[in-house]
Amino acid sequence: MTSHDRAPALLTVDLDAIVANWRAIAARAPGAEAAAVVKADAYGLGAGPVARALEAAGCRTFFVATIDEGIDLRADLPDSRILALGGPLPGTAADMAAHDLIPVLNSLEQVGQWVGLARASEQELEAVLHLDTGMSRLGLDQAAIADLADNPAMLGGIRTTLVMSHMACADEPEHPKNREQLKLFTDATRRLGLAARLSLAASSTVFLGPDYHFDLVRPGAALYGLNPVPGQPNPLTDVVRLEARILQVRDVDSPQTVGYGATHRFTGKTKVAVVAAGYADGLFRSLGNRGFGMIGGVRVPVVGRISMDLTTFDVSAVAPELARPGALIELIGASHPADELAAEAGTIGYEVLTALGRRYHRTYVGDDA
């Protein structure tokens, strides 16, 4: 018996679908470079396999969140550009340079660190400037932007190749903040006057139109099949399939209950399937009595609470030969995408993907698997 056959739960990642999504996004922003955001282990799907597949398809610029993510990815991508969105923490600038990581500088303190390293090493170091245009999170605020504009020598020793910002409400196309941020970004980059490329668009921003594309777009969630245009049909391809094996099938009847807290009481004869996945695997407890799975094309509801290792489904509507020990219930797939599961859990698809547990047997499919 193979590890696939004995695995209690299976996670399948379609690398061809990720590449197809990257190409589709690139086609929406002609003239701009399409980078790829692979932070958080490529949103839970495996940064190494995902990045290698994208590099083979032609992607040359990759974004991670932290220096450690960048160092790990460098082993898979010896030649591509890797940009660290968090910039250098105090004392880490030399490590970033040693691993050929490009920092996204978010504050004057980080600018000072990178300038200091450039001067000490007597070499020009590449960097990205991040401007805060309304997120009030990471990025140079308006005062810091003014300081740099008035004192360009503050960037001495740095070769600024990209200036970027990040949108707050891009998944709401009519939100007035979108145009406000676009204007702030355009005004700030003009004031800085740097000979650098510009980037404003992450996943949903790409779909706001060409005014937002500039020189580089940096899709993240959209690469992994999450819908960048909520409320509209998803223009991208599903990437993930998650299935859990049935451990046991039980016949129950009123007035029996199921699971911790006895939160579901049966009102008649019911067939219950117990599957080998729970909140330790990323199935949120909030899915209890709310979530669904799919088996044989039939939607089967979660009954009772999600526990650490187990989830129970009402499979009364499913043919007995399909709902049997060893059979699989699809938790995420084409007929039940991650965004839908997220809505059932009261969260977003980003959290669903990044919460996927390490106990799943992972399989990568596609030409670059």
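The values are calculated or read from the model by the stated rules, or taken from the named source; none is laboratory data. Just so you know, these numbers come straight off a predicted model, no measurement behind them. Reconstructed Cβ throughout: ideal geometry from the backbone, glycine too, with neighbour counts over all protein chains shown. Keep in mind that these areas ignore ligands, DNA and RNA; they rest on the heavy atoms of the full protein, side chains included. Shrake-Rupley method; radii C 1.70, N 1.55, O 1.52, S 1.80 Å.
A few remarks follow.
- Accessible area of the chain divided out per residue, in Å², using a probe of 1.4 angstrom: 44 Å²
- What the Cβ-Cβ distance of Ser335 and Arg179 gives, at R0 = 22 Å and to the nearest 0.05, is a FRET efficiency of 0.05.
- Length gained on full extension, Thr186 to Ala65: 41.1 nm, using 0.36 nm per residue less the C-alpha separation.
- Residue (of Phe185, Thr311, Leu283) at the positive-pole extreme of the chain, dipole from beta-carbon charges: Thr311
- For Ala276, the residues whose modelled amide H falls within less than 5 Å of its own, excluding neighbours fewer than 5 places apart on the same chain, are Arg245, Leu247.
- Lys177 - accessible surface, heavy atoms, 1.4 Å probe, Å² rounded to 10: 50 Å²
- Heavy-atom accessible area with a 1.4 Å probe sorts Phe266, Phe292, largest first, into Phe292, Phe266.
- Ordering 323-331, 87-95 by mean Cβ neighbour count within 10 Å, with the highest value first, yields 323-331, 87-95.
- Placing unit charges on the Cβ atoms of the charged side chains and taking the dipole of the range 203-309 about its Cα centre, the candidate lying farthest along the positive direction among Gly297, Leu236, Ser203 is Gly297.
- Backbone HN-Hα couplings from phi across the range 119-132 [Karplus 6.51/-1.76/1.60, Hz, Gly and Pro as x]: 5, 5, 8, 6, 9, 7, 10, 6, 8, 10, 9, 10, 9, 7
- Farthest toward positive dipole pole in the chain [+1 Lys/Arg, -1 Asp/Glu at C-beta], among Ala84, Ala144, Ala170: Ala170
- Volume in Å³ per residue [convex hull over Cα atoms, computed for the range 1-55]: 90 Å³
- Extension gain, Ser107 back to Thr363 (0.36 nm per residue minus Cα-Cα distance, nm): 88.1 nm
- Cβ charges +1 (Lys, Arg) and -1 (Asp, Glu), total dipole of the range 195-319, debye: 300 debye
- Phi angles of the range 297-309 translate, via the Karplus equation with coefficients 6.51, -1.76, 1.60 and θ = phi - 60°, into HN-Hα couplings of x, 10, 7, 10, x, 5, 10, x, 6, 6, 10, 4, 10 Hz per residue; Gly and Pro are given as x.
- Among the trypsin sites (Lys or Arg not before Pro) in the range 304-369, those located in a DSSP loop and surrounded by at most 11 other Cβ atoms within 10 Å of their own Cβ are Arg358.
- A 1.4 Å probe, protein heavy atoms only, puts the accessible area of Tyr224 near 10 Å².
- In order along the range 291-296, the phi-based Karplus estimate (6.51 cos²θ - 1.76 cosθ + 1.60, θ = phi - 60°) of 3J(HN,Hα) comes to x, 9, x, 10, 8, x Hz; Gly and Pro are listed as x.
- For the chain, the antiparallel share of DSSP beta bridges with both residues in that region comes to about 50%.
- Taking label points 7 Å from Cα along the Cα-to-Cβ direction, Gln232 and Ala98 give a separation of 4.7 nm.
- Dipole magnitude (debye, nearest 20) for the chain, charges at Cβ of Lys, Arg, Asp, Glu: 860 debye
- Among the listed values (1) 21.0, 66; (2) 23.7, 78; (3) 21.0, 71, the one matching Rg and Dmax of the Cα atoms in Å as calculated from this structure is (2).
- Between the amide H of Met167 and those of Ala202, distances stay under 5 Å, these residues lying 5 or more places away or on another chain, with hydrogens modeled in the peptide plane.
- Heavy-atom SASA rank of Arg265, Arg197, Arg159 (probe 1.4 Å, accessible area, largest first): Arg265, Arg159, Arg197
- Amide H contacts for Arg159 (H built 1.01 Å from N in the peptide plane; partners 5 or more residues away or on another chain; cut-off under 5 Å): Leu125, Glu126, Ala127.
- Residues Asp171, Asp76 ordered from highest to lowest accessible area at a 1.4 Å probe: Asp171, Asp76.
- Paramagnetic label reach from Arg6 (point 7 Å along Cα→Cβ; backbone nitrogen cut-off under 12 Å): within the range 332-363, no residues.
- Surface composition of the range 250-342: carbon plus sulfur atoms hold 53% of the accessible area, using a 1.4 angstrom probe and ignoring ligands, DNA and RNA.
- Nitroxide proxy distance, nm - points 7 Å out along Cα→Cβ at Ala143 and Glu172: 2.9 nm
- Radius 14 Å from Cβ of His166, net charge of other residues (Lys, Arg +1; Asp, Glu -1): 0
- Taking only protein heavy atoms and a 1.4 Å probe, the accessible area of the range 88-165 is 52% carbon and sulfur.
- Assigned charges on the beta-carbon of Lys, Arg, Asp, Glu; the range 82-234 dipole about Cα centre (debye): 180 debye
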